[in-house]
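Here's the structure, in structure tokens; my notes come after.
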Amino acid sequence: MAKRDRLSGNEAVAIALRQINPDVFPAFPITPSTEIPQYFASFAANGQVDTEFIPVESEHSSMSAAIGASAAGARSLTATSSCGLAYMWEELYIAASNRLPLALALVNRALSGPININCDHSDSMGARDSGWIQMYAENNQEAYDNMVQAYRISEHPDVRLPIMICQDGFITSHAVENIELLEDEEVQKFVGEYNPENYLLNPQCPMAVGPYSVTDYYMEAKRNQAEGMRHVSRVVLDVAKEYKKLSGREYGLFEEYRMDDAERAVVMIGSAAGTTKDAIDRLREQGEKVGLIKIRLYRPFPASEIAEALKNVKAVAIMDRAEGYTNHGGPLGADVMAALYRAHADALAVNYIYGLGGRDVRVKDMENVFAALKQMMADGDAGETYRYLGIRE
């Protein structure tokens, strides 16, 4: 039976972790993710979990300890943001290449410099090609639900890859919203016990984790990672289907909002999707055929599915909360445009950079984006395809 509560995104994720009761949680604080280990430390101190909670001296150490625990056969995780993620960069690749199904609760925050502690996606987007599964939340409820589903995805025998559960710093991590929690017993039954097939502390099967890979084997190891990633989308959908039966909440690779007859669409990630939905509702009242695709699973990228969802759209704006410094847009823009190209789509497409360093995104801003798409349709030309939203030039 669902329990209603008012929680910040950080507290919601911490409660999901308490319900999961992982084996090992090494942690080092960094704004705005600090509250996740802070809340969890209180759970450990109060005897509400059996988890070995380990304060460490840096983010590099927190991921290193999580990797060691996972290799030893424990269900492990850590949490971080921004420069903390950058500090554990080396370890991200090690976790993925060793096929370790550990989790990372990432609260998205701008990477320095200039120094900024507010939301954008530059931290996780920088790690998009590290071999981790990446899932994003629009709101606190989704952050909780994604974390409950995380281990079922990463530990699946066809996947066995680390998973990054992302939410927007301060916008969701610290804002309090009404959400529904599952009962502790329901979560524990849904997630289940972790029973790895191979692990370092198994005396019946001596093994090494992370050995030196010479030229003759390195490429095969990377191909092995890619094989695990190929199965992720299917597993995400299977887990979501089971989660819907438990919670009543439906999830997919992405959400389509009022897309049935949409001629103009926005594709984006994270909390600004809520603002965009308000803009769409206003424009729909005026007879405008507009819609939204909100990405949930970003790595692996559901290219063919997104192209199919956009097949009847005449103009699309792809919104990046991170710069790519390619002179033609951001990472999400590159992925979506490549998907459209491969599908031989006719839609006019433009890429916007928005919300960097926590810059506000208002309903009016998104209405202006849809107005720009309308003008593109009238002109029959996308014009400048690399644009900034809400900036003082």
### Task
Go through (1) part of a strand (DSSP E or B); (2) more than 19 Å from the chain's Cα centre (by Cα) and name the single condition GLU288 misses.
(1)
### Message
I'd like to check something: does the range 156-179 contain any residue that is over 24 Å from ALA86 (Cα atoms), assigned by TED's automatic domain parsing to the domain that holds ILE94 and among the basic types (Lys, Arg)?
### Response
no
### Query
Which pairs have Cβ atoms under 9 Å, sit 6 or more apart or on different chains, and link a residue in the range 147-160 that is at positive phi to one that is outside any loop (DSSP other than H, G, I, E, B) and crowded, with 21+ Cβ neighbours inside 10 Å?
ARG160/SER154; ARG160/GLY228
### Task
Could you grab me the full set of residues in the range 211-231 that are part of a helix (DSSP H, G or I) and touching a helix residue (DSSP H, G or I) at 6+ places or on another chain (Cβ under 7 Å)?
ALA221, GLN225
### Summary
Those residues of the range 212-223 that are more than 28 Å from the chain's Cα centre (by Cα) and either exposed (fewer than 10 other Cβ atoms within 10 Å of the Cβ) or of a type in the set (Val, Ile, Thr) (or both) come to a total of 4
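Okay, residues lined up against (1) outside the structural domain of SER154 (by TED's automatic domain parsing); (2) in contact (Cβ under 8 Å) with a residue 24 or more places away in the chain; (3) loosely packed, with under 13 Cβ neighbours inside 10 Å; (4) in contact with a strand residue (DSSP E or B) (Cβ under 8 Å, 6 or more places away or on another chain):
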residue	(1), (2), (3), (4)
LEU237	no, no, no, no
ALA265	yes, yes, no, yes
ALA273	yes, yes, no, yes
LYS277	yes, no, no, yes
ARG296	yes, yes, no, yes
### Task
State all residues of the range 4-46 that are assigned to a helix (DSSP H, G or I), surrounded by fewer than 21 Cβ atoms within 10 Å (Cβ to Cβ) and out of contact with any His (no Cβ under 9 Å at 6 or more places or on another chain); if no residue qualifies, say none.
ARG18, GLN38, TYR39, ALA41, SER42, PHE43, ALA44, ALA45
### Task
Pull up the range 343-371, narrow it to residues that are in a helix (DSSP H, G or I) and touching a helix residue (DSSP H, G or I) at 6+ places or on another chain (Cβ under 7 Å), then point me to the one that is surrounded by the most Cβ atoms within 10 Å (Cβ to Cβ).
MET366
### Query
Tally time: how many residues in the range 120-143 are assigned to a helix (DSSP H, G or I) and either under 23 Å from SER64 (Cα atoms) or not assigned by TED's automatic domain parsing to the domain that holds THR31 (or both)?
5
### Task
Could you check, for the range 206-226, whether at least one of its residues is within 22 Å of GLU180 (Cβ to Cβ) and either among the basic types (Lys, Arg) or not assigned by TED's automatic domain parsing to the domain that holds PRO157 (or both)?
no
### Query
Does GLU227 satisfy the criteria of being exposed (fewer than 13 other Cβ atoms within 10 Å of the Cβ) and out of contact with any Cys (no Cβ under 7 Å at 6 or more places or on another chain)?
yes
#### Entry: Tally of residues being among the basic types (Lys, Arg) and either surrounded by 24 or more Cβ atoms within 10 Å (Cβ to Cβ) or within 12 Å of the chain's Cα centre (by Cα) (or both) across the range 107-161
2
### Query
Mind checking which residues of the range 372-393 are surrounded by 15 or more Cβ atoms within 10 Å (Cβ to Cβ) and out of contact with any helix residue (DSSP H, G or I) (no Cβ under 9 Å at 6 or more places or on another chain)?
ALA372, LEU373, LYS374, MET376, MET377
### Query
Within the range 317-329, is even one residue more than 20 Å from GLN134 (Cα to Cα) and either surrounded by 18 or more Cβ atoms within 10 Å (Cβ to Cβ) or in the same structural domain as LEU237 (by TED's automatic domain parsing) (or both)?
yes
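The values are calculated or read from the model by the stated rules, or taken from the named source; none is laboratory data. Please read all numbers here as calculations on a predicted model, not as lab measurements. Cβ atoms come from the backbone with ideal geometry, glycine included; neighbour counts cover every protein chain shown.
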